[in-house]
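Enquirer: Mind having a look at this structure? Questions to follow.
The values are calculated or read from the model by the stated rules, or taken from the named source; none is laboratory data. Every value quoted in this text rests on a predicted model; they were computed, and no experiment measured them. As a convention, Cβ positions derive from the backbone with ideal geometry for all residues, glycine included, and neighbour counts pool all protein chains shown. With ligands, DNA and RNA removed, areas are computed over all heavy atoms of the protein, side chains included. Shrake-Rupley method; radii C 1.70, N 1.55, O 1.52, S 1.80 Å.
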Amino acid sequence: EKDAAAPLKALLKVMKLQNVTINEGTLAVYADMRALYPDNIILMAGKECAKRGADFEGVMTTLKNWKRNGLESADDVTHYMKQVDDMNDFLLMLYEVLGVSVKPNAADRRLAKKWQTDYGYDMTFITQCAAWAVGKEKPMAYLDKVLSNFHEKGVRDMASAEKEHEEFHKKMQAQPAAVAPRGPKTVEQQQYTQREYTHTEDAM
């Protein structure tokens, strides 16, 4: 029994989780983790979760996400997490330009990857274009519209971008404001707080 519990004990030690006990339930969860990956990769997931303040359940979420992304070996995981960390660093710099205070998330990483990989724009160009999204209600979504328009028009440099953005801005202003349909009346008792997802849940 001690041998069976040793890998789980090692995971909890790595995560510094003192409030999680070793019992039939947690051993069963660990067995499910082992169905996805060997112990060394489970420990890697535990270290990532600990770094981001995630709980024991976050390890399984992380492992499932790694499996969906086709990660098989420890080297695959290391390379993937390096990409995530690099993208987060870029997003933090971009958020500073945009004047927003949020944590990097999976949706924004997908946008940034699209701009860099699919559109072929470098970080400097994206950051310079971000100035046009400052003050917008949804700056990342607005920046995506700007860059998507540039990609469609074949814009590759700032001189062309400034000229094209003037036309794009005029077109956006000329569009009539959409009238939101009236929904059912909502009373105060029906208001619920949305769950706040952590980096581990939406990104690992």
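Enquirer: What is the Rg over Rh value, at two decimals, for the stretch 28-172, using alpha-carbon atoms and the Kirkwood definition of Rh?
Expert: Working: Rg = 18.9 Å, Rh = 17.2 Å.
Radius of gyration relative to Kirkwood radius: 1.10.
Enquirer: Applying a 10 Å radius around every beta-carbon, put 62-73, 46-57 in order of their mean neighbour count, most first.
Expert: Packing proxy ranking, top to bottom: 46-57, 62-73.
Enquirer: Take the residue pairs Lys16/Lys145; Lys16/Lys103; Lys47/Lys136 and return only those whose Cα atoms are more than 32 Å apart. Provide the component values of the computation, followed by the final result.
Expert: Values: Lys16/Lys145 43 Å; Lys16/Lys103 23 Å; Lys47/Lys136 37 Å.
Cα-Cα > 32 Å for Lys16/Lys145; Lys47/Lys136; rest within.
Enquirer: How many nm separate the modelled label positions at Asp3 and Asn40, each set 7 Å beyond the Cα in the direction of the Cβ?
Expert: About 2.1 nm, to one decimal.
Enquirer: Still on this structure, please answer the following. Calculate, for Gln173 and Asp122, the FRET efficiency according to 1/(1 + (r/R0)^6) with r their C-beta to C-beta distance and R0 41 Å; round to the nearest 0.05.
Expert: Here the calculated transfer efficiency is 0.90.
Enquirer: Using only the Cα atoms of the stretch 6-61, what semi-axes does the equivalent ellipsoid have when each is the square root of 5 times a gyration tensor eigenvalue? Give whole Å, largest first.
Expert: Output for the stretch 6-61: semi-axes of 15, 13, 10 Å.
Enquirer: Same structure, new question: So, counting K/R as plus one and D/E as minus one, what does the shell of residues with Cβ under 12 Å around Thr117 add up to? Walk me through the numbers on the way to the answer.
Expert: Details: positive: Arg109, Arg110, Lys113, Lys114; negative: Asp118, Asp122.
Around Thr117, the charge tally is +2.
Enquirer: For a Förster distance of 22 Å, can you work out the FRET efficiency between the beta-carbons of Lys113 and Val134, rounded to the nearest 0.05?
Expert: On the way: r = 22 Å, r/R0 = 1.01.
That pair, Lys113 with Val134, gives E of 0.50.
Enquirer: What FRET efficiency comes out for Ala106 versus Ala10 if R0 is 25 angstrom and r is the Cβ-Cβ distance? Round to the nearest 0.05.
Expert: So, using R0 = 25 Å, E works out to roughly 0.30.
Enquirer: Strictly over 29 Å apart at the Cα level, which of Lys67/Lys113; Lys9/Lys114; Lys113/Lys153 would you flag in this model?
Expert: Lys9/Lys114, as the Cα separations exceed 29 Å there.
Enquirer: Report in % the part of the accessible area of the stretch 1-154 that belongs to carbon and sulfur, leaving out ligands and nucleic acids; probe 1.4 Å.
Expert: Carbon and sulfur: 52 percent of the exposed surface of the stretch 1-154.
Enquirer: Quick one: what Rg and Dmax do you get for the stretch 1-106 from the alpha carbons, in Å?
Expert: 15.7, 55
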